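Structure first, commentary second.
The values are calculated or read from the model by the stated rules, or taken from the named source; none is laboratory data. The structure displayed is predicted, hence computed values, not measured ones. Note that each Cβ is placed from the backbone with ideal geometry, even for glycine, and that neighbours are counted across all protein chains shown. These accessible areas exclude ligands, DNA and RNA; they are computed on the full protein's heavy atoms, side chains included. Shrake-Rupley method; radii C 1.70, N 1.55, O 1.52, S 1.80 Å.
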Amino acid sequence: MMNKVPQSNPQDSRQKLQENLEKKETTLAIKNHLSCSGDRKNISPQISDVTSNGEMSFSVTKKESLTNNQLSEKCEIKSPRTTSSGTTLLTSSGDDLGKNNGSVSHSESSACLNSVMVGTSQSKSQSSEENLSLISTPKKVAGKRKREIMVAQRSSSRQIKRKSFDDENSSASPYKHHRKCDKAGCDAEIPICFASAARSCAGSGYTSRWYHLSPGEHYCNECFEFFYRSHKDGYNRFTNWKKKWSANGRTEATLKFFMVDQMLPYWVQCTLPECGKWRQLPRDVELTSNMINNFQCKFAGQKKDDKACLVEEDQRINQVFTLDWLASLTHPALLHNSPAADFLHRYYPDGVGLSPTCSRCKVVVVSLPNGTDTGGHTEFIGPSTSDRTYLDLKPQDTSPNTCIQPFYQPLEPRRARCFRPDVMEPEEREVFPEYAREPVMYLGIRNLIVALWYLDPKEWLVLDRVIENLMCRGLVRVRCVYDSRRILKYLTLKGLINFGIIQSPSSFTLLPAECQESVIIIGAGAAGISASRHLKNLGVKVMVLEARNRIGGRVWDESFLGVCVGKGAQIITGVINNPLTILSQQAAMAMRIVGEKCELFAEDGTVTPSSVDQRVEFHFNAVLDAVASWRKDQTHDTNLYDKIMEMHKNFMEETKMKFSEEEENLIHFHISNLEYACGSALNTVSTLSWDQNETYPQFTGHHTLLLRGYSLLLEQLAEGLDIQLGQEVKEINYSGDKVIIRCQDGEEWKASKVIVTLPLAVLQKEEVTFCPQLPEEKLKAVHRLGAGTVEKIVLQFPYRFWALKVKEYDLFGHVPPSPQKRGLFSVFYDLSPKSSMEPHKCFILMTYVSGDALLMIENKPDKEIVDMCMSALRGMFSDQDLVVPDPTSWFVTRWKQDKYAGMAYSFVPTGGTGEDYDTLAKDLDRKIYFAGEVHDSIAGLYYSDKLIV
């Protein structure tokens with residue numbers, strides 16, 4: 001007989017299913033509550049204790065990753081209990097929900113769920129109630145509810161997500177949830193609103209949206225609405241700021257920029273050495289230079305607190321120095337009241353690191369007609385309105401020094417030693433790669449440092465002076481201070497600031513101890529002295545060896561004529577940004593502007609009409625342009641003189657024009673000026689590379705005369721340097737770890753590095769032996785370059801006989817009577833004192849000989865050369881009644897015969913290229929370096945090719 005299978009009771013199965021479902025929903029509710037009650041990382045409310053009455057208490061503890069079973073065990077469900085206030089709580093009865101004698105009814109289960117799910121999402125509560133109702137309601141009703149849920153599930157996932165999120169954070173929930181910042185890479189779990197502008201500001205609580213400025217700086221949606229909505233109280237303030245920003249800036253005046261520019265609090269560092277902590281100032285406190293220099297933690301509050309420095313620094317400070325923090329910064333620091341603004345009126349401020357709301361920022365729109373010459377003419381302000389031929393080199397209080405224009409200006413030609421304020425140079429991108437993508441913040445700091453230096457180059461620019469001018473809001477100021485130290489050191493190391501007749505502070509250290517090796521510089525000329533001064537300021541142990549019994553090299557002044565006259569360098573060709581101008585300012589030396597007006601006289605006394613002079617000059621410049629066009633596609637070189645005469649002849653044949661003898665002589669006068677500039681006759685100068693240096697930015701502005709001479713500058717620059725005179729170097733041995741230098745008298749010197757500043761003519765004679773021998777490539781470059789020569793003749797007279805004809809002009813020209821005499825006394829400079837700044841009453845003319853004319857005087861004695869010069873002068877002034885007197889004193893230079901010079905300056909001969917300078921500048925095994933004739937081969941050397949003899 002088969003056993004009868006017992007029939008299950010449907011009512012019992014339904015009740016058991018309902019109990020299991022209630023238990024599961026209760027467990028899930030507790031889990032959701034524990035995971036959603038807090039937003040701090042690894043922090044959430046946990047059940048901490050059960051009272052004697054069986055009531056549970058909650059506390060915030062570190063969140064643990066628990067499985068469902070572990071969660072059920074940790075948060076054991078207890079039976080409900082109702083307090084006197086009517087609140088339903090869970091109590092500990094010692095019985096499980098699964099036991100028959102401890103089973104709870106549906107209403108009791110619902111009460112239990114309501115008590116546990118405090119702070120859980122409303123959507124999840126509704127879902128739980130819907131699932132329970134599907135079981136406890138009739139079949140038709142349950143099916144209807146089920147269909148409604150299925151319809152809702154078919155809606156877009158984005159709508160469901162947004163609805164679920166809004167429901168989670170609805171005010172109906174007893175606990176408001178925190179919200180993380182949505183910015184990628186921001187790890188702020190509980191952002192805090194820094195603005196606190198609106199009465200309903202979220203603070204560190206809930207807001208519908210956080211606006212990210214940096215990982216430690218956010219503002220809430222309520223404060224956004226406070227300024228953005230027209231019916232809010234902050235709207236007028238935002239719109240007024242917006243008008244000012246839009247008037248000067250190029251970027252859109254958004255509310256985020258407003259918050260960065262106006263609402264972020266300032267940060268300042270404690271000046272006590274034992275503290276140095278960064279502190280946040282109240283939002284309504286404005287930062288000043290005085291506060292930056294004197295701030296201390298104990299005075300930060302309303303009352304003095306001696307223990308304030310013991311308070312820990314804000315943890316956000318450490319994040320500022322990371323690359324991730326800089327990358328997550330939404331808006332760069334734009335500086336307020338930066339001195340650089342005085343130089344940058346032609347730029348949009350926010351493009352060069354300045355705030356458009358800065359009071360100094362006034363954009364000047366420049367619109368010039370087509371064809372306008374922007375040749376860099378600048379009006380200079382002299383010490384008095386009646387004497388405008390002398391440069392006042394003192395910095396002005398309200399505007400930058402007119403001799404100093406460190407930033408490129410739109411619509412003007414590029415100048416030497418001139419920064420692009422809106423662009424990082426390629427080397428800057430290599431040194432500061434973190435700013436390569438967004439350079440505005442770097443540009444603001446760099447432009448500030450450059451402006452501060454050029455506004456007062458008499459003082460060493462220290463970091464404290466930079467920091468006191470770094471005015472910007474927010475944590476980004478901490479980063480600006482940190483990077484300003486790096487940028488200041490970089491610009492100092494490159495010799496772009498902190499150079500000249502100044503000494504670095506004793507506390508200044510730029511190079512690490514392992515880099516402070518001994519250096520010997522061979523040659524105490526302009527390049528050697530300036531290199532030595534710069535290296536000593538960097539902390540390097542340096543010594544200079546000089547063969548002469550004086551310093552200066554080709555800088556050599558004489559004063560026996562009653563006024564300082566340079567046998568070598570004397571005229572500065574272009575004062576704007578010229579390092580020699582900075583040196584003159586540091587030495588408080590006046591410079592006299594050399595006028596450009598030059599009357600031309602023939603040897604029969606005839607004055608060249610200005611119309612003829614202008615026509616021939618225009619023709620000569622057109623010939624040079626034709627030569628420049630011809631050489632564009634040429635590889636075969638030829639000498640410049642032949643090419644000029646060829647182009648001149650072709651022009652005359654094509655136009656059927658004929659020049660008179662006077663006009664032909666004028667052509668040769670202009671050729672002689674070009675030979676003076678090159679330092680050689682044009683029949684030896686390269687047509688392809690004669691002006692190779694013109695491809696680089698040049699010094700612009702007036703040509704000036706140093707009244708007290710170059711020698712005084714070098715003497716002040718050499719103060720405190722270790723210079724050994726009378727040490728003629730004969731051998732440089734760099735085969736070992738140390739470089740050994742042997743001199744003519746047998747003296748030996750050793751150093752880690754050596755800088756050679758010997759003239760090119762000395763290197764070509766190979767009187768100094770290198771061991772090992774110089775590389776073949778460098779030797780070829782040495783001999784492919786040309787050693788140019790120019791000689792001076794200086795005459796002193798008892799009176800100024802040329803005054804009636806020349807008037808007050810500074811120079812006059814001598815038109816050669818024939819091409820054979822081209823370059824013989826071409827231009828005369830009047831060096832006579834002209835104001836109270838030059839008290840001695842003496843009358844001086846200086847002229848020079850260049851080109852092939854040097855062969856005519858090479859072997860003649862000084863007296864015979866002076867007689868030749870006087871013959872030319874008497875012919876030029878033969879048409880006036882005033883007699884030309886004999887000179888009372890004179891001197892003639894002999895640079896070509898000078899053993900330690902042998903030249904004036906270098907040029908590129910036929911067959912050579914400008915690349916030979918680069919080859920000559922290359923170092924040897926990182927031990928031997930070359931400077932001087934190779935111009936700016938190492939940081940801090942001044943452009944010696946601008947010292948015109």
Working only within the stretch 464-496, note down all residues that are touching a helix residue (DSSP H, G or I) at 6+ places or on another chain (Cβ under 8 Å), within 28 Å of LEU713 (Cβ to Cβ), open to solvent by 10 Å² or more (accessible area, probe 1.4 Å) and in a helix (DSSP H, G or I). ARG465, LEU488, TYR490
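Let's see how each residue does on (1) within 28 Å of PRO406 (Cβ to Cβ); (2) at pLDDT 90 or above; (3) polar (S, T, N, Q); (4) open to solvent by 10 Å² or more (accessible area, probe 1.4 Å):
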site	(1), (2), (3), (4)
LEU535	yes, yes, no, yes
ARG550	no, yes, no, yes
ASP557	no, yes, no, yes
VAL565	no, yes, no, no
ALA590	yes, no, no, yes
VAL594	yes, yes, no, yes
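Could you list, in sequence order, the residues of the stretch 209-230 that are polar (S, T, N, Q) and crowded, with 21+ Cβ neighbours inside 10 Å?
SER214
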Does the stretch 789-798 contain at least one residue that is surrounded by 22 or more Cβ atoms within 10 Å (Cβ to Cβ), assigned to a strand (DSSP E or B) and in contact with a Cys (Cβ under 6 Å, 6 or more places away or on another chain)? yes
Filtering the stretch 406-459 for residues that are more than 27 Å from CYS358 (Cα to Cα), buried (at least 19 other Cβ atoms within 10 Å of the Cβ) and at pLDDT 95 or above leaves a count of 0
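Check whether at least one residue in the stretch 684-691 is more than 24 Å from LEU854 (Cβ to Cβ) and either touching a strand residue (DSSP E or B) at 6+ places or on another chain (Cβ under 9 Å) or surrounded by fewer than 21 Cβ atoms within 10 Å (Cβ to Cβ) (or both), and report yes or no.
Pass one, the stretch 684-691, residues more than 24 Å from LEU854 (Cβ to Cβ): 688.
Then drop every residue that is not either touching a strand residue (DSSP E or B) at 6+ places or on another chain (Cβ under 9 Å) or surrounded by fewer than 21 Cβ atoms within 10 Å (Cβ to Cβ) (or both), which leaves none.
The answer is no, given that none of the residues of the stretch 684-691 is more than 24 Å from LEU854 (Cβ to Cβ) and either touching a strand residue (DSSP E or B) at 6+ places or on another chain (Cβ under 9 Å) or surrounded by fewer than 21 Cβ atoms within 10 Å (Cβ to Cβ) (or both).
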Can you tell me which residues in the stretch 497-525 are over 27 Å from the mean Cα position of the chain (by Cα) and open to solvent by 20 Å² or more (accessible area, probe 1.4 Å)? GLU514, GLU517, SER518
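Among the residues that make up the stretch 615-635, is at least one of them closer than 16 Å to PHE812 by Cα and either out of contact with any Asp or Glu (no Cβ under 9 Å at 6 or more places or on another chain) or without any contact (Cβ under 8 Å) to a residue 60 or more places away in the chain (or both)? Let's see the steps before the verdict.
Keep residues of the stretch 615-635 that are closer than 16 Å to PHE812 by Cα, which gives 617.
Right, trim to either out of contact with any Asp or Glu (no Cβ under 9 Å at 6 or more places or on another chain) or without any contact (Cβ under 8 Å) to a residue 60 or more places away in the chain (or both) and you get 617.
Yes, there is a match, as at least one residue in the stretch 615-635 is closer than 16 Å to PHE812 by Cα and either out of contact with any Asp or Glu (no Cβ under 9 Å at 6 or more places or on another chain) or without any contact (Cβ under 8 Å) to a residue 60 or more places away in the chain (or both).
Every residue in the stretch 735-767 that is assigned to a loop (DSSP other than H, G, I, E, B) and either of a type in the set (D, E, K, R) or buried (at least 19 other Cβ atoms within 10 Å of the Cβ) (or both), please.
Just the residues of the stretch 735-767 that are assigned to a loop (DSSP other than H, G, I, E, B), to begin with: 735-738, 744-747, 752, 757-759, 766-767.
Residues satisfying the conditions are ASP737, LYS738, ASP745, GLU747, THR757, LEU758, PRO759, GLU766, GLU767.
Report whether or not TRP267 is open to solvent by less than 60 Å² (accessible area, probe 1.4 Å), touching a strand residue (DSSP E or B) at 6+ places or on another chain (Cβ under 6 Å) and within 29 Å of LYS183 (Cβ to Cβ). Give the steps one after another, and end with the answer.
Numbers: open to solvent by less than 60 Å² (accessible area, probe 1.4 Å): yes; touching a strand residue (DSSP E or B) at 6+ places or on another chain (Cβ under 6 Å): yes; within 29 Å of LYS183 (Cβ to Cβ): yes.
Yes.
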Give the residues of the stretch 568-589 that are assigned to a loop (DSSP other than H, G, I, E, B) and in contact with a helix residue (DSSP H, G or I) (Cβ under 8 Å, 6 or more places away or on another chain), sorted by residue number. GLY568, ALA569, GLN570, GLY574, VAL575, ASN578, ALA587, MET589
So, ASP613, is that one at pLDDT 90 or above and either under 30 Å from CYS564 (Cα atoms) or part of a helix (DSSP H, G or I) (or both) or not? yes
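Run down LYS807, LYS821, LYS778 and say which single residue is in contact with a Lys or Arg (Cβ under 8 Å, 6 or more places away or on another chain) and of a type outside the set (Ser, Thr, Tyr). If you could, list the steps in order and put the result at the bottom.
Numbers: LYS807 fails: in contact with a Lys or Arg (Cβ under 8 Å, 6 or more places away or on another chain); LYS821 fails: in contact with a Lys or Arg (Cβ under 8 Å, 6 or more places away or on another chain).
Selected residue: LYS778, the only one of LYS807, LYS821, LYS778 that is in contact with a Lys or Arg (Cβ under 8 Å, 6 or more places away or on another chain) and of a type outside the set (Ser, Thr, Tyr).
How about the stretch 686-713: which of its residues are assigned to a helix (DSSP H, G or I), more than 29 Å from the chain's Cα centre (by Cα) and not hydroxyl-bearing (Ser, Thr, Tyr)? If you could, list the steps in order and put the result at the bottom.
First, the residues of the stretch 686-713 that are assigned to a helix (DSSP H, G or I): 692-695, 710-713.
Right, trim to more than 29 Å from the chain's Cα centre (by Cα) and you get 710-712.
If the condition is that a residue be assigned to a helix (DSSP H, G or I), more than 29 Å from the chain's Cα centre (by Cα) and not hydroxyl-bearing (Ser, Thr, Tyr), then LEU712 is the only one that fits.
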Out of all the residues in the stretch 634-678, which are within 47 Å of the chain's Cα centre (by Cα), open to solvent by 20 Å² or more (accessible area, probe 1.4 Å), of a type in the set (Ser, Thr, Tyr) and more than 18 Å from LEU688 (Cβ to Cβ)? TYR676
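May I ask you to say which residue of VAL849, VAL884 is in contact with a strand residue (DSSP E or B) (Cβ under 9 Å, 6 or more places away or on another chain) and either open to solvent by 80 Å² or more (accessible area, probe 1.4 Å) or within 21 Å of ALA569 (Cα to Cα) (or both)?
The conditions single out VAL849.
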Inspect the stretch 190-208 for any residue being of a type in the set (D, E, K, R), open to solvent by 30 Å² or more (accessible area, probe 1.4 Å) and in contact with a strand residue (DSSP E or B) (Cβ under 9 Å, 6 or more places away or on another chain) and give the result as yes or no. no
Subset of the stretch 270-308 that is among the charged types (D, E, K, R) and within 30 Å of the chain's Cα centre (by Cα) - its residue that is most open to solvent (accessible area, probe 1.4 Å): GLU286
